[in-house]
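The next block holds one structure in the form of structure tokens; read it before the comments.
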Amino acid sequence: MNPYEQKLQQFLSENGVQAEHLSFDCSCHSVEEAAAAAEASIDDLVKNICMVNSEGKIIVAIVKGESRVSTKRVTKALDNAEIRIATPDEILEKTGYPCGGTPSFGFSGIFLIDPKVMEKETVYTGGGSASSLTKIQTQELQRVNRGEIIRVRK
């Protein structure tokens, strides 16, 4: 198991998070790959789109796997004119997890959860690496990341 997966498992354990960490021998980087690995529907997966505001704070917009994030909606929701997509290096630096494996929680940031995500009882999110996922109930996900439910999808 790689160190990012271990870090996430430690976070789950230390914080009493009710979730299941899943490691695979294949890539889960794309939504399609993740759905195939978990034997789940694309509809069961969420993406974590990482952005940075003008103060350098990480913002994570959580949307269902088939959705796209609207940076205009995120900008409006946070009343911040300078929001941009984070680079892979910034994602690793600010979350502690690599791009393609970033979980929906487990680090300091601003979390925005699209309401369509909350329509699902359980979802799969990043598991710390490009070959792992975390299966978690949406209510638990929101509890852990203290996310604001607001429309961020296009």
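The values are calculated or read from the model by the stated rules, or taken from the named source; none is laboratory data. Computed from a predicted model, the values in this text were never measured in an experiment. Counting neighbours? That spans all protein chains shown, and the Cβs are built from the backbone with ideal geometry, glycine included. Calculation scope for accessible area: heavy atoms of the full protein, side chains included, ligands and nucleic acids excluded. Shrake-Rupley method; radii C 1.70, N 1.55, O 1.52, S 1.80 Å.
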Accessible area per residue, Å², region 36-154 with all protein chains present, probe 1.4 Å: 46 Å²
Full-extension gain in nm, E121 to S27, via 0.36 nm per residue minus C-alpha separation: 31.4 nm
Under the Karplus curve 6.51 cos²θ - 1.76 cosθ + 1.60, θ = phi - 60°, whole-Hz ³J(HN,Hα) for region 2-15, x wherever Gly or Pro sits: 7, x, 5, 5, 4, 4, 5, 4, 5, 4, 4, 5, 5, 9
Computed [θ] at 222 nm, deg cm²/dmol, the chain (DSSP H ≥ 4; -39,500 (n - 2.57); rounded to nearest 500): -8500 deg cm²/dmol
Rounded Å value of the spacing that divides the Cα centres of region 1-59 and region 75-115: 13 Å
Calculated FRET value between S108 and D79, using beta carbons and R₀ = 22 Å, to 0.05: 0.65
Those GluC sites (Glu not before Pro) in region 84-134 that DSSP places in a loop and that have at most 11 other beta carbons within 10 Å: E119, E121
Reach of K64 by Cα under 17 Å, taken over aspartates and glutamates that are not fewer than 8 positions away in the same chain: E32, E33, E39, D43, D44, D114, E119, E121, E140, E148
Counting DSSP beta bridges with both ends in region 1-132, the antiparallel % (nearest 5): 65 percent
Sulfur and carbon atoms: percent of accessible area, the chain [1.4 Å]: 45 percent
Cleavage-rule hits, trypsin sites (Lys or Arg not before Pro), region 20-112, DSSP coil, Cβ neighbours within 10 Å at most 16: K57, R68
